[in-house]
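The values are calculated or read from the model by the stated rules, or taken from the named source; none is laboratory data. Here the structure is a predicted model, which means the values were calculated and not measured. We place every Cβ from the backbone using ideal geometry, glycine too, and count neighbours over all the protein chains shown.
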Amino acid sequence: MTRKAGSAVAAAALVALACGTGGAPNSVPAAGAAQAVPPEALETARLAAQGLTTDLKAELMAAMTSGGPTAAVRICADVAQDIAARHSIGGILVRRVSLRPRNPTDRPDAWETERLRDLERRHDAGALPAEVAEVVAAEGGRELRYLKPIVVGSACLACHGDPAAMPPELRTEIRERYPDDEATGYAAGDLRGAVSVTIPLGGA
């Protein structure tokens, strides 16, 4: 194996570990949550979030191995939303969200924004939970809203770290695909965002 190929494989392996979900092994209700979270719906949300994360990691690993960070950016641009759509079935909505999105489609709604800000405060205090779940009122009934935090790992910095440290071709790829990109300047251990799952529960 050449040094270049070995580096790509190593980077891909790090993606599997580093750009995933994170947090302490505990689940907390969202601030102000009043209704009990149905266990079956919570498990469905967990599986949906894990499914999106696993499938996206696999695509990113393959891209990093074959073409490095520039290829991984193309996956996020061309494939990530399709993967989210595949897991958004039976009325369930699964997506990634961030207060500093790269893809404008990943911009959070009002509930997600409030909860992401709370996750940032918890993260800064060293108490980031593994997940947040809340039952909320929605048009036509109730919904389970769920967030699984995403923490920046060292491999993520290839595409989300200091732009000055990125190869020119990578900066060009990001600029052309995401002219309003907000997702650089991160450090390892930062909160990147979350996987968001919405499940309709029905009822009034």
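Below, the figures for the structure above:
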item	result
Long-range neighbours under 8 Å by Cβ, at least six apart or interchain, first residue surrounded by fewer than 22 Cβ atoms within 10 Å (Cβ to Cβ) within segment 180-202, second of a type in the set (Gly, Ala, Ser) and not in a loop (DSSP other than H, G, I, E, B)	Ala188/Ala18; Ala188/Ser154; Pro200/Ala138; Pro200/Gly141; Leu201/Ala41; Leu201/Gly141; Gly202/Gly141
Residue among Arg115, Arg46 that alone is surrounded by fewer than 21 Cβ atoms within 10 Å (Cβ to Cβ), at pLDDT 95 or above and either not aliphatic (A, V, I, L, M) or not in a helix (DSSP H, G or I) (or both)	Arg46
Selection from segment 89-112 of residues that are free of Cβ contacts under 8 Å to residues at least 24 places away in the same chain and either buried (at least 18 other Cβ atoms within 10 Å of the Cβ) or more than 15 Å from Arg192 (Cβ to Cβ) (or both)	Ile89, Gly90, Asp109, Ala110
Residues of segment 49-74 that turn out to be buried (at least 20 other Cβ atoms within 10 Å of the Cβ), of a type in the set (Gly, Ala, Ser) and either in contact with a strand residue (DSSP E or B) (Cβ under 9 Å, 6 or more places away or on another chain) or within 19 Å of Ala130 (Cα to Cα) (or both), as a count	1
Residue list for segment 76-93, filter: polar (S, T, N, Q) and assigned to a helix (DSSP H, G or I)	Gln81
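Conditions tested, residue by residue: (1) over 12 Å from the mean Cα position of the chain (by Cα); (2) in a helix (DSSP H, G or I); (3) among the basic types (Lys, Arg).
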residue: Arg95; (1), (2), (3): no, no, yes
residue: Leu99; (1), (2), (3): no, no, no
residue: Leu119; (1), (2), (3): yes, yes, no
residue: Arg122; (1), (2), (3): yes, yes, yes
residue: Leu144; (1), (2), (3): yes, no, no
